[in-house]
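The values are calculated or read from the model by the stated rules, or taken from the named source; none is laboratory data. Since we're looking at a predicted model, the values are computed, not measured. When we count neighbours, we look across all protein chains shown, and the Cβ atoms used for this are built from the backbone with ideal geometry, even at glycine. What goes into the accessible areas is simple: the full protein's heavy atoms, side chains included, and nothing from ligands, DNA or RNA. Shrake-Rupley method; radii C 1.70, N 1.55, O 1.52, S 1.80 Å.
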Amino acid sequence: MATEWNNPPEVEPTELPNEDFMTNPSLAMDACFTAFDKDGDDRLSLNEFTLICRALFRNDKGHIYVVPSDRLEQMFAVFDKNEDGYIDREEFQFCWNQWIKTIVRPISAFLIVDVQNDFISGSLNISNCSAQQNGLEVIEPINKLLDTVDFDAVFYSLDWHPSDHVSFIDNIKQRPIHPTSPLNADNAQVYDTVIFAGPPPMKQRLWPRHCVQDSWGSELHKDLKVLEHGVKVYKGTNPEVDSYSVFWDNKKLSDTTLCGQLRLKGSTDIYVCGLAYDVCVGATAIDALSAGYRTILIDDCCRGVDLNDIESTKQTVISSNGVIVSSREVKAMVEGRDRRPELGYKLAMELKNSESDLSKNNACRRQSQHQQQQQQQPSQ
């Protein structure tokens with residue numbers, strides 16, 4: 001996790017352009033370049049880029065986050081297109097439009113995963129699992145975020161299984177078991193993993209019957225605030241394959257509507273929470289990171305099944321350049337006042353990959369902004 005500088009630099013970093021200044025993008029970009037071009041040679045060295053990062057990566061109290069030197073060098077290399085050891089004005093335009101502007105003004109989606117009756121007090125009540133965590137406890141902090149934070153988009157995912165779903169233990173005899181399976185249909189129990197014959201052979205963890213389509217157990221909990229403009233995303237609808245992630249089924253055979261919705265809104269940052277931490281929430285956060293999104297896991301808005309698996313989920317998110325925060329930190333991050341270096345590094349690395357969802361979303365956003373600017377210009 002990011003920490004503060006133990007010894008602040010002798011010269012306080014130059015501030016980024018203020019909000020009013022940001023309304024004139026080209027003027028702000030030139031002013032930013034000039035402000036950090038300390039030696040006036042019309043190009044930015046690694047040291048000058050480091051000053052930009054010190055101004056950029058700080059929290060809402062003004063404390064500066066540490067950026068390791070190797071990461072500074074890697075980010076600098078993304079924008080030093082001609083590899084001459086400097087970022088010139090043309091290269092800085094790419095840096096400004098695709099990196100700095102996203103960090104300062106992210107487009108944030110709030111993804112609330114599977115806060116459904118069956119996981120809280122129904123057939124798959126997670127308090128009966130080994131971690132013994134109470135799913136009801138996520139509702140209050142989630143509702144508070146919905147009341148106080150102006151997300152650009154809000155999504156609610158729902159497990160939405162047909163009655164013959166492959167994950168239900170009482171359906172185990174409906175499909176042949178592969179000879180390599182450690183358990184068979186007669187001795188497998190709830191939460192065990194078996195291998196179905198397929199084809200192809202498929203590992204499957206067995207769960208109690210839960211979240212059957214149009215049942216009480218599949219409904220969002222009555223105390224969860226559901227915004228009028230919130231979008232519901234249904235997963236696990238294919239009877240032959242499970243679907244933990246809100247992005248994809250477990251075999252990556254088909255995606256949900258979430259991918260297209262995020263692209264349409266130009267989302268850059270995804271805040272993930274809900275149930276269960278180490279199953280559907282974790283799978284969703286990892287898929288978001290794999291797709292290239294700056295991903296934030298909200299710790300106190302999640303509850304899980306197994307403590308070891310929860311810890312493993314956290315480590316995977318952190319090692320993939322996601323961040324884990326508490327709900328009280330979210331508002332400043334969404335508003336661009338708390339800017340984490342892990343997310344800046346994630347974005348820079350994705351900018352090397354033009355095929356990532358985040359790069360595509362940035363391109364869509366820039367095109368939309370360009371069209372808006374043209375529409376605002378007075379006719380000649």
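Computed values, structure above
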| item | result |
| --- | --- |
| Spin-label pair K352/Q132, simplified geometry with 7 Å Cα→Cβ offset, distance in nm | 4.7 |
| Beta bridges per DSSP with both ends in the chain, % antiparallel, nearest 5 | 30 |
| Using a Förster distance of 35 Å, the FRET efficiency for L27-D152 (Cβ separation, nearest 0.05) | 0.85 |
| Rule-of-thumb Rg ratio for the stretch 180-330 [Cα; 2.2 N^0.38 Å; N residues] | 1.11 |
| Inter-label distance, nm, simple model (7 Å from Cα along the C-beta direction), D39/S254 | 5.9 |
| Dipole axis of the chain (+1 Lys, Arg; -1 Asp, Glu on Cβ), positive-most option in C129, C302, P199 | P199 |
| Full-stretch length increase - D170, N82 - with 0.36 nm per residue and alpha-carbon distance subtracted | 25.6 nm |
| Apportionment of accessible area to carbon and sulfur, the chain, percent (1.4 Å) | 47 |
| Exposure ranking of K331, K81, K203, K314 by accessible area [1.4 Å probe, largest first] | K203, K81, K331, K314 |
| R89/E219 FRET efficiency (R0 56 Å; Cβ-Cβ; nearest 0.05) | 0.50 |
| Net charge dipole size for the chain [Lys, Arg +1 and Asp, Glu -1 on Cβ; Debye, nearest 20] | 760 |
| Average accessible surface area per residue within the stretch 23-147, 1.4 Å rolling probe, Å² | 42 |
| Spread of Cα-to-Cα distances over 5 Å intervals beginning at zero, given as percent, for the stretch 285-348 | 3, 17, 27, 26, 18, 7, 2 |
| Fraction of the pair-distance distribution of the chain above 35 Å, Cα-Cα pairs, percent | 33 |
| Computed E for Y191/N143 - FRET, C-beta separation, R0 35 angstrom, nearest 0.05 | 0.70 |
| For the stretch 247-263 and the stretch 66-103, distance of Cα centres in Å | 31 |
| Anchor K144: lysines whose Cα lies under 30 Å away (excluding residues fewer than 8 positions away in-chain) | K61, K101, K222, K225, K232, K235, K265, K314, K331, K346 |
